[in-house]
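In what follows, a structure is listed as structure tokens, so that the remarks can point back to it.
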Amino acid sequence: MDLGVQGSTWEIVEQDIRVRMSEDAAKVDWKKINDGVVDSAREYVNRPTRWDVAEAQVDDVKLVDITQVLTEDFIVPKPLPGGGVENQVLFPKGYRLNPLDLLPASSINQSYVIFSAESKEQLEWAKKLNNEHPSKFIYFTTDGVMDELSGVGMALYPVDKWFFITAQVNKTPSIVGVSNENPKHLTVAEFAPPYSTKKASEVIK
């Protein structure tokens, strides 16, 4: 039933929040904001971290052990039957793990090429290597403007610090991969000029 009005009432003077949001949104220059986002993203991609990596002077191949050793217990929560949780040591301090123990070499069918895109010779070598082996390598550049490299006819990515810290790459151009002959280590090959795609394609089989 209608119980009528109980107590005092006042006119609602607050603006409907939905109307206010709509009005505020209409005042925003969304094109300017979107253009700024695009420019910021382009600048981020075009100006990745530059890495001071020397050019290889001799051909060299080294094996890198990527085994990791825990410096403290790796602890995870374990649910209890009656409710609650308790900490459980999943891997103890000192535990050694080589990720390649979990990956058979036959399952790793691509290798990584790290090179300087500001070196005309290295860039041409990488393009030729890609044409000869279109699905064998993934290419990373230590420098260069990505927009300017978009027309080279191949996918390029800014290099990650993993290559320098874990894979121990310290020269360009280099190839990092896993060979059937040494499946428990990374094979890291460096190449000196004049660059040969034949040597590069044979180093990791």
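The values are calculated or read from the model by the stated rules, or taken from the named source; none is laboratory data. Bear in mind that the values here come from a model prediction, so they are computed numbers and not experimental data. Quick reminder, even Gly has a Cβ in these numbers, built from the backbone with ideal geometry, and neighbours come from all protein chains shown. Surface areas here come from the heavy atoms of the whole protein model, side chains and all, with no ligands, DNA or RNA. Shrake-Rupley method; radii C 1.70, N 1.55, O 1.52, S 1.80 Å.
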Search result, residues across the stretch 155-179 that are more than 18 Å from D59 (Cβ to Cβ) and either outside any loop (DSSP other than H, G, I, E, B) or not β-branched (V, I, T) (or both): A155, L156, Y157, P158, D160, K161, W162, F163, F164, I165
Which listed residue, of A192, A126, is outside any helix (DSSP H, G or I) and over 15 Å from W51 (Cβ atoms): A192
Cross-chain or 6+ apart pairs with Cβ under 8 Å, the stretch 115-134 first and over 18 Å from V176 (Cα atoms) and touching a residue at least 24 places away in the same chain (Cβ under 8 Å), then part of a loop (DSSP other than H, G, I, E, B) and among the small types (G, A, S): E118/G144
Residues (modelled with pLDDT of 85 or more, open to solvent by 60 Å² or more (accessible area, probe 1.4 Å) and closer than 18 Å to K161 by Cα) located in the stretch 13-61: E55
Qualifying residue in the stretch 140-155 (condition: among the charged types (D, E, K, R) and modelled with pLDDT of 90 or more): no
Check on E181, surrounded by 11 or more Cβ atoms within 10 Å (Cβ to Cβ), of a type outside the set (S, T, N, Q) and in contact (Cβ under 8 Å) with a residue 40 or more places away in the chain: no
Long-range neighbours under 9 Å by Cβ, at least six apart or interchain, first residue within 23 Å of Y95 (Cβ to Cβ) within the stretch 73-85, second open to solvent by less than 90 Å² (accessible area, probe 1.4 Å) and in a loop (DSSP other than H, G, I, E, B): D73/P92; D73/Y95; F74/P92; F74/Y95
